[in-house]
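Just below is one structure, and these are the notes that go with it.
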Amino acid sequence: MNAGEPLPKNIILIGFMGCGKSTIGRKLEHLLGYPLVDTDELIEQKTGLSVAEIFAKRGEEYFRNLEAAMLHELAAPNAPRRIISTGGGIITRKRNRSLLKHLGYVVWLQAPVDVILERTGRNRDRPLLHTENPREKIEALLTERKPMYAATSDIEVETIGLDAGEIACGILESARYHFASGA
Ligand code: S3P
């Protein structure tokens, strides 16, 4: 099977902030030729506000409602196949978890806390980590969310030590195997 051969469904990237969803999403887009969409970017385009501004002006719950509505739009019947990169907290709602599973092959990208801390510290666009002790916040959120990522994903991928291209190739191979085996 060649790398560009179509898959029957979407590939969805889930995982904590700073685990490489956007970078690996771009590689998958290049390899597979499906357009990459990012739920945060779609929300920003729709509202004309950045995620940080939405959190600051309207609060997290409002953002979660926008996120759930966006996911629902992506699940429209006859929607084209895509690579879907998601915000790290999308799995906190049960309905989102079911929709994600329904949408396609769900890949949980992971990275160690030190790496997450370093990457997310490079800019100020993660409002949940605007706290006095971001490491503690990351650890607490990870503890809370890990079972949700696990329950939603078809595969877990540790991203450290491999380049994004290698990871994307591995994901495609496992997705093909998954669909070929009738899932
Ligand atoms: C969030 C992750 C962010 C963004 C928002 C909330 C989270 O997306 O949706 O800041 O709750 O983990 P990334 O995972 O793309 O950084």
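Rule-based calculations on the coordinates, nothing more; no lab input. All values derive from a computational prediction rather than experimental measurement. Cβ placement follows ideal geometry from the backbone for every residue including glycine, while neighbour counts extend to all protein chains displayed.
Brief remarks on what is shown
- Panel order for Val113, Val107, Val51, Val37, by other beta carbons found within 10 Å of each beta carbon, from fewest to most: Val113, Val37, Val51, Val107.
- Comparing mean-square fluctuations of Ile160, Ile171, Ile12 from a GNM of the chain with C-alpha springs under 10 Å, the top value falls on Ile160.
- Put simply, the Cα atoms of the stretch 1-45 extend 35, 22, 16 Å along their principal axes, the longest span coming first.
- Once the Cα atoms are used to define both axes, helix 164-180 deviates from the longest principal axis of the chain by about 60 degrees.
- Separation of the stretch 106-125 from the stretch 24-97 is 18 Å, based on Cα centroids.
- Charge context of Leu99, other residues only, Cβ under 12 angstrom, K/R +1, D/E -1: +3
- Taking all Cα-Cα distances within the chain, those exceeding 24 Å account for 35%.
- Within the chain, helix-based [θ] at 222 nm, where runs of 4 or more DSSP H residues each add -39,500 (n - 2.57), nearest 500: -16500 deg cm²/dmol
- Contact order normalised by residue count of the stretch 10-178, Cα under 8 Å, 6+ apart, percent: 36 percent
- Charged side chains reduced to their Cβ positions (Lys and Arg at +1, Asp and Glu at -1) give the chain a dipole of some 500 debye around its Cα centre.
- Choice from Leu162, Leu142, Leu129 showing the highest fluctuation, given a GNM over the chain with Cα pairs closer than 10 Å: Leu162
- Ranking Pro112, Cys19, Ala76 by how far each Cα lies toward the positive end of the dipole of the stretch 10-178 (charges on Cβ) leaves Ala76 at the top.
- The convex hull of the Cα atoms of the stretch 129-183, projected and averaged over all directions, covers 5.2 nm².
- The Cα atoms of the stretch 100-161 give a gyration tensor whose axes a ≥ b ≥ c have a/c of 1.5 or more with a/b greater than b/c, which makes the shape prolate.
- Taking the number of Cβ atoms within 10 Å of each Cβ as an exposure proxy, the fewest-first ranking of Tyr149, Tyr34, Tyr62 is Tyr62, Tyr34, Tyr149.
- Summing Cβ point charges (Lys, Arg +1; Asp, Glu -1) relative to the Cα centre of the stretch 76-183 gives a dipole of roughly 660 debye.
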